[in-house]
1. Name the one entry in A180, A214, A194 that is surrounded by 15 or more Cβ atoms within 10 Å (Cβ to Cβ), in the same structural domain as L153 (by TED's automatic domain parsing) and closer than 30 Å to L227 by Cα.
2. Going by the conditions given, is S97 hydroxyl-bearing (S, T, Y) and in a loop (DSSP other than H, G, I, E, B)?
3. Give the stretch 123-141 a look and list any residue that's of a type outside the set (G, A, S), modelled with pLDDT under 95 and out of contact with any Pro (no Cβ under 8 Å at 6 or more places or on another chain), or say none.
4. Residues in the stretch 196-205: is at least one outside any helix (DSSP H, G or I), of a type in the set (G, A, S) and under 29 Å from W258 (Cα atoms)?
5. For the stretch 16-29, which positions are without any contact (Cβ under 8 Å) to a residue 40 or more places away in the chain and either of a type in the set (S, T, N, Q) or out of contact with any Leu (no Cβ under 8 Å at 6 or more places or on another chain) (or both)?
6. Assess whether T209 counts as being polar (S, T, N, Q), outside the structural domain of G44 (by TED's automatic domain parsing), surrounded by fewer than 16 Cβ atoms within 10 Å (Cβ to Cβ) and not in a loop (DSSP other than H, G, I, E, B).
7. Among the residues of the stretch 10-22, are any in a strand (DSSP E or B), modelled with pLDDT of 95 or more and over 18 Å from the mean Cα position of the chain (by Cα)?
8. Taking only pairs six or more apart or across chains, which ones have beta-carbon atoms under 8 Å, a first residue in the stretch 70-88 that is among the aliphatic types (A, V, I, L, M), and a second residue that is modelled with pLDDT under 85?
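The values are calculated or read from the model by the stated rules, or taken from the named source; none is laboratory data. Bear in mind that the values here come from a model prediction, so they are computed numbers and not experimental data. Here the Cβ is made from the backbone with ideal geometry for all residues, glycine too, and neighbour counts use every protein chain on show.
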Amino acid sequence: MTDTLLVDRAGAVTTITINRPAIRNAVDGATMLAVRDAIEACAGDGATRAIVLTGAGGAFCSGADLNMAVGPNTSPDSAWRALTDAYHPALLAIHNSRWPVIAAVDGVAAGIGCDLALACDIRLVSARAQFAELFIRVGLIPDGGGTWMLPRLIGMGRALELMYTGASVPAEEARAIGLASHVFPTEQFASEVAAYAARLAAQAPLALTRIRRAVRTAQESTFADALAHEAELQREILGSADGFEGFRAFLEKRKPVWRGE
């Protein structure tokens, strides 16, 4: 935990909050590296089963902190180093996370903040949420993985239109086109996200991690490779203590007791 990043765990849910509300949670390199560290710490803490990434004060993340990113010593090389040394490691940590990562988007998710939300598995949004790939407005391209993630979520045509225009997508439209899974009233957003994350964290932990790994791997493989990977992961689960617990619980008409091993 740092001044710009808050980490809290309730039960099996770890919530990571970007805490720079005065600038609508715009991020600098240090904050992104803190995000990376917090995500990676969840893999081995022995308690986390789901992660929520959110922002403080009614915004998710308004993009890169340009006050820190642009200065008299800024050059193409320095900008490239900031991306590769700080921003990309945070995005890769989300992509490679052991546990499901939920983006809780209350307010704006713009620029690199939009890509940060896209990198997560699920996007839950408040009624006042807005997504925008704003890079074109300053003559740039998305540089947080948006060119890879957005077409996979909403199709190439829609994705290109949003990147070409920098248009904002409000909450209900985001849900309709597949950017968001659920829209919740702003006043109840925090409690709805907490309840959703708790339900997800209560699922069979070995299955959660393998589903995530299988789906992420399948996006970069052939159908035959995906089938083979699924079979290997299923064999791992069936060889574990949890392996047949779901079947036994169903037959015995009781709630499963997951041990995560």
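1. Working: A214 fails: in the same structural domain as L153 (by TED's automatic domain parsing); A194 fails: closer than 30 Å to L227 by Cα.
Only one candidate qualifies: A180.
2. Working: hydroxyl-bearing (S, T, Y): yes; in a loop (DSSP other than H, G, I, E, B): yes.
Yes: the conditions hold for S97.
3. L134, I136, R137, V138, L140, I141
4. Yes, the stretch 196-205 contains a residue that is outside any helix (DSSP H, G or I), of a type in the set (G, A, S) and under 29 Å from W258 (Cα atoms).
5. Result: T17, N19, P21, A22.
6. So T209 does not fit the description; no.
7. yes
8. A79/A69; A82/A69
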